[in-house]
Amino acid sequence: MADSTSSCSDSSSSSSNNCSSSSLRDLTRSALQLGHWKEPKKSAVAFGVSLLILVSVATLSVISVVSYLLLTCLCVTITFRVYKSVLQAVQKSEEGHPFRSQLQRDISVSCESVRLLADQSLIHLNWFSSQTRRLVLVEDLVDSLKLAAVMWMMTYVGAIFNGVTILILADIIFFTTPLIYQKKKTQIDGYIELIRSRVEEKLHKLQDRLPGAVRRTKAE
C-alpha cells in the first residue's frame, strides 16, 4: 500500500510538473509569436503598451507610472461598471456584475508552479556561478579574454545608455528584428557568416600567439 501510495504521489507530482513546464513553454511560445508578429493586432498592442511603459519609466518615477496605470485602469473599470449598472436599471435586466467571469476565475499560483520555478532558477543560478568562477579564475584563457573584451565594450555602453534606455532598445529590437530578418534573410545570413568567420580567424591568430603553457589550459 505504501509503495502504491508513493507511486501515486510521484505520478501526480510528475504530472503537475509536466503541466507547469508545459505552461511555461506555452508562455514562451506566446512571447515568440508576439515577437514574430503571427497575430499583428496583438503584437502591435503588446509593442505599444510595453514601449509606452518603458518610456514612461524613463521620464517619470516608477511610483508615478504604477499610479497612473492603476488610475487609468480604475477609471475604465469604474466607468464601465456604472454604465452597465445604469443600463441594467433602465432595461430592468438581471445580468449581474459585468466582471463576474473575471472575478470568479482562479488566478492563484499553485505550489507546483512555484516549486518548478524555484528549481529552474536554482539550475540557472548554479550554472551562472560555475561559469563566473570558470571565467574569472581563467580556466580557459581565451574565454576569459572574450569576457574581458565584452566587459570593456559594456563600459562604453554604460557611459552612453542607462538601464531603462537599454530595455527600450531591447524592446524595439525584439519586435522589429524578426520582421527585418524575414525581409532580408539572405543578406543578413551572409553578413553574420562573414562576421563569424572573421571573429574566429582573429581568435585563432590570438590563440596561436599565446604561449603553449597557457593555450587552452584547463584548471585541474
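The values are calculated or read from the model by the stated rules, or taken from the named source; none is laboratory data. Because the structure is predicted, anything quoted here is derived from the model rather than measured. Using ideal geometry, Cβ is built from the backbone for each residue, glycine included, and neighbour counts are taken over all protein chains shown. Note: accessible area is taken over every heavy atom of the protein model, side chains too, but ligands, DNA and RNA are not part of it. Shrake-Rupley method; radii C 1.70, N 1.55, O 1.52, S 1.80 Å.
Tabulated values for the structure
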item	result
Mean shadow area of segment 24-149 over all directions, Cα convex hull, nm²	13.7 nm²
Carbon + sulfur, % of accessible area of segment 32-102 - ligands and nucleic acids excluded, 1.4 Å	71 percent
Three-way shape label, segment 73-116, alpha-carbon gyration tensor, a/c 1.5	oblate
Compactness of segment 85-205 as Cα Rg over 2.2 N^0.38 Å, two decimals	1.90
Theoretical FRET efficiency, 1/(1+(r/R0)^6), r = Cβ-Cβ of Leu52 and Gln91, R0 35 Å, to 0.05	0.45
Segment 103-220, accessible surface, carbon-and-sulfur percent (1.4 angstrom probe)	66 percent
Flagged links, alpha-carbon separation over 20 Å, of Lys42/Lys84; Lys42/Lys184; Lys38/Lys183	Lys42/Lys84; Lys42/Lys184
Charge dipole (segment 40-141, unit charges on Cβ, about Cα centre) - positive-most of Val138, Val109, Val66	Val66
Segment 61-216, relative contact order in percent, only Cα pairs under 8 angstrom and at least six apart counted	20 percent
Assigned charges on the beta-carbon of Lys, Arg, Asp, Glu; segment 69-182 dipole about Cα centre (debye)	400 debye
Using a Förster distance of 30 Å, the FRET efficiency for Ala148-Ile173 (Cβ separation, nearest 0.05)	0.75
Average accessible area per residue (Å²) across segment 82-207 - probe 1.4 Å, nucleic acids and ligands excluded	81 Å²
Overall dimensions of segment 116-169 as given by Cα atoms, namely Rg and Dmax in Å	14.7, 38
